[in-house]
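What follows is a set of notes on a single structure, which appears directly below.
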Amino acid sequence: MNDEVIAFIGLGLIGGSIARGIKREAPDTKIMAYMRTRSRLDKAREDGIVDVILNGIGEELSECDFIFLCTPVEYNAEYLGKILPFLKPGAIVTDVGSTKTDIHEAVIRLGMESWFVGGHPMAGSEKTGYENSTDHLLENAYYIITPTAQTTKEQTNRLVHIAEMIGSIPIVLDYHEHDFVTAAISHLPHIVASSLVNLVKDSDNQQGLMKRLAAGGFKDITRIASSSPEMWEQICMTNHKNLSLILERYIASLNLILGELNKKNGSYINQLFETSRDYRDSFSEKATGPIAPEYSFTVDMADEVGAISTLSVILAAKGISIRNIGINHNREHGEGTLRIAFYDKETMDQAWKQLERYHYELISN
Ligand SMILES: NC(=O)c1ccc[n+]([C@@H]2O[C@H](COP(=O)([O-])OP(=O)(O)OC[C@H]3O[C@@H](n4cnc5c(N)ncnc54)[C@H](O)[C@@H]3O)[C@@H](O)[C@H]2O)c1
Ligand SMILES: O=C(O)C(=O)C[C@]1(C(=O)O)C=C[C@@H](O)C=C1
């Protein structure tokens with residue numbers, strides 16, 4: 001891996017995080033990158049993540065063993081034809097796009113099935129850009145791999161290897177199935193979050209009372225409404241059939257709830273919450289990123305300046321090293337939560353005892 005050459009077309013949140021993960025594990029990998037914003041590429045080179053800045057699509061790509069397309073999904077599909085003339089024999093073209101059928105169809109149209117292995121890491125954030133990328137964003141998250149009809153086992157394994165190297169959990173899926181599943185668990189939730197935020201915007205009074213009083217419940221369910229409009233327009237447009245189907249089902253379920261609410265059917269509403277609670281509680285938190293949970297716990301703490309550094313100092317004073325620390329955006333347990341991971345159980349137990357002494361509220365994962 002160390003002597004491989006990898007190019008990134010788009011080096012934002014996801015491309016940047018993959019590049020960082022690769023550099024951490026295989027520092028001698030030569031990384032080339034191209035994207036719209038040149039200043040961020042300069043920063044990535046300063047950080048030692050990018051070795052070669054590309055000014056466009058050209059000859060330099062013929063050195064590459066892997067090309068990662070990491071721009072919004074429609075642009076990724078457009079880049080296929082542009083990079084094709086420069087591919088060296090044996091090179092693999094992959095992408096990280098949130099929809100897969102559209103790019104797979106472009107791959108088929110261009111006769112690129114023997115070059116392409118689709119990819120989609122199931123982690124991310126509402127934040128965009130290289131400046132928000134980290135080497136652990138995709139750790140412990142599923143990395144969906146969608147081979148073409150001509151992808152060889154060896155090609156799939158090469159992408160599996162990279163996914164594992166950056167700490168993700170690879171899973172191979174058919175690309176049609178991928179798009180149906182993600183319509184329900186990712187694309188519809190983004191529509192719901194944004195439409196809910198807009199509903200509040202349009203229903204609020206002149207003083208913005210709703211905006212002012214919105215608390216954990218509203219903020220938890222709408223964090224993703226702050227995501228990139230450009231990216232999400234392209235995701236919705238390239239998965240519109242699945243999304244439309246699942247949105248219709250969702251509207252029907254809302255209409256059913258509305259009907260039962262108007263009938264004052266309390267037991268129906270009770271059942272609604274009971275069913276959802278039981279199902280939601282059964283979800284595994286084991287593969288949600290951003291940090292490995294095996295030896296980790298969550299700390300419920302006030303969202304105050306310096307809170308993380310105080311906690312780090314308390315642990316450092318006992319010689320406890322932290323493997324990883326990440327803000328938990330779900331905020332299910334209060335104002336702000338932190339997930340802290342350790343290298344082994346013993347260190348985790350020590351940290352738990354130490355933080356208990358300082359009266360932190362701790363939640364096991
Ligand atoms: N954000 C997430 O949560 C998430 C998670 C998994 C996969 N994805 C997928 O990853 C891809 C990138 O998303 P991101 O979150 O990293 O977005 P981002 O905005 O952080 O990064 C996009 C990058 O592409 C570059 N770019 C955009 N248009 C370009 C163009 N026409 N030519 C060259 N460069 C261009 C931007 O400069 C930036 O570097 C998308 O396809 C998205 O569907 C996103
Ligand atoms: O955590 C978030 O902000 C995300 O939206 C990440 C998320 C999702 O879970 O829907 C978004 C798009 C991706 O394709 C994969 C993951």
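The values are calculated or read from the model by the stated rules, or taken from the named source; none is laboratory data. Since we're looking at a predicted model, the values are computed, not measured. Positions of Cβ are backbone-derived with ideal geometry, glycine not excepted, and every protein chain shown enters the neighbour counts. Accessible surface is based on the protein model in full, side chains and every heavy atom, while ligands, DNA and RNA are left aside. Shrake-Rupley method; radii C 1.70, N 1.55, O 1.52, S 1.80 Å.
Set the bar at 21 Å for Cα to Cα. Now go through Lys43/Lys88; Lys127/Lys219; Lys318/Lys353; Lys219/Lys263 and name every pair that lies beyond it. Can you show the working numbers first?
Numbers: Lys43/Lys88 28 Å; Lys127/Lys219 15 Å; Lys318/Lys353 11 Å; Lys219/Lys263 30 Å.
The pairs that break the limit, which is 21 Å between Cα atoms, are Lys43/Lys88; Lys219/Lys263.
Show me the ranking of peptides 16-25, 337-346, 210-219 by mean Cβ neighbours inside 10 Å, starting with the highest. Walk me through the numbers on the way to the answer.
Details: 16-25: 23.7, 337-346: 17.9, 210-219: 11.6.
Ranking, from highest mean packing down: 16-25, 337-346, 210-219.
Per residue, how much accessible area does the stretch 12-91 show when a 1.4 Å probe rolls over the protein heavy atoms, in square angstrom? Walk me through the numbers on the way to the answer.
Working: 3410 Å² over 80 residues.
Averaged over the residues of the stretch 12-91, the accessible area is 43 Å².
Sorted from largest to smallest, which semi-axis lengths in Å does the alpha carbon gyration tensor of the stretch 206-321 give for its equivalent ellipsoid, taking the root of 5 times each eigenvalue? Don't jump to the answer; show the numbers that get you there.
Numbers: eigenvalues 262, 92, 78 Å².
Values for the stretch 206-321, descending: 36, 21, 20 Å.
Once the convex hull of the C-alpha atoms of the stretch 103-244 is built, how many Å³ does it hold per residue, rounded to a whole number?
Values: hull volume 19.4 nm³, N = 142.
Output value, Cα hull per residue: 137 Å³.
What whole-number value in Å² describes the accessible area per residue of the stretch 102-198 for a 1.4 Å probe? List each step's numbers first, then the result.
On the way: 4000 Å² over 97 residues.
Heavy-atom accessible area per residue stands at 41 Å².
Taking every DSSP beta bridge with both residues inside the stretch 1-157, roughly what % is antiparallel (nearest 5)? The partial results should precede the final answer.
Numbers: 5 of 22 bridges.
So the antiparallel bridges in the stretch 1-157 amount to around 25 percent.
For the stretch 50-92 and the stretch 188-228, what is the separation of their Cα centres, given in Å?
Rounded to whole Å, the Cα centres lie 39 Å apart.
Shape of the stretch 212-262 from its Cα gyration tensor (a ≥ b ≥ c, root eigenvalues): rounded if a/c is under 1.5, otherwise prolate when a/b > b/c, or oblate? Intermediate results must be reported in sequence, preceding the final value.
Working: a/c = 4.02, a/b = 1.09, b/c = 3.70.
It is oblate, given that a/c is not under 1.5 and a/b is not larger than b/c.
Classify the stretch 1-100 as rounded, prolate or oblate, taking a ≥ b ≥ c as the square roots of the eigenvalues of its Cα gyration tensor: rounded when a/c is under 1.5, otherwise prolate if a/b is larger than b/c and oblate if not. It would help to have the intermediate numbers written out before the result.
Working: a/c = 1.40, a/b = 1.17, b/c = 1.20.
Rounded, since a/c falls under 1.5.
Mind ranking Val181, Val299 by accessible surface for me, highest first, 1.4 Å probe? Don't skip to the end; give the middle numbers.
On the way: Val181 65, Val299 0 Å².
Descending order: Val181, Val299.
Please report, in whole Å, how far the alpha carbons of the chain spread along each principal axis, starting with the longest.
Between the extreme Cα coordinates on each principal axis of the chain lie 64, 56, 42 Å.
I need the calculated FRET efficiency for the pair Ser39 and Glu4, taking r as the beta carbon distance and R₀ as 35 Å, to the nearest 0.05. Walk me through the intermediate numbers first.
On the way: r = 27 Å, r/R0 = 0.77.
Approximately 0.80, to the nearest 0.05.
What number, rounded to the nearest 500 deg cm²/dmol, is the helix-based mean residue ellipticity at 222 nm of the chain, given -39500 (n - 2.57) per DSSP H run of at least four residues and division by all its residues?
Details: 14 runs with 163 residues, N = 365.
Estimated from H runs of four or more residues: -13500 deg cm²/dmol.
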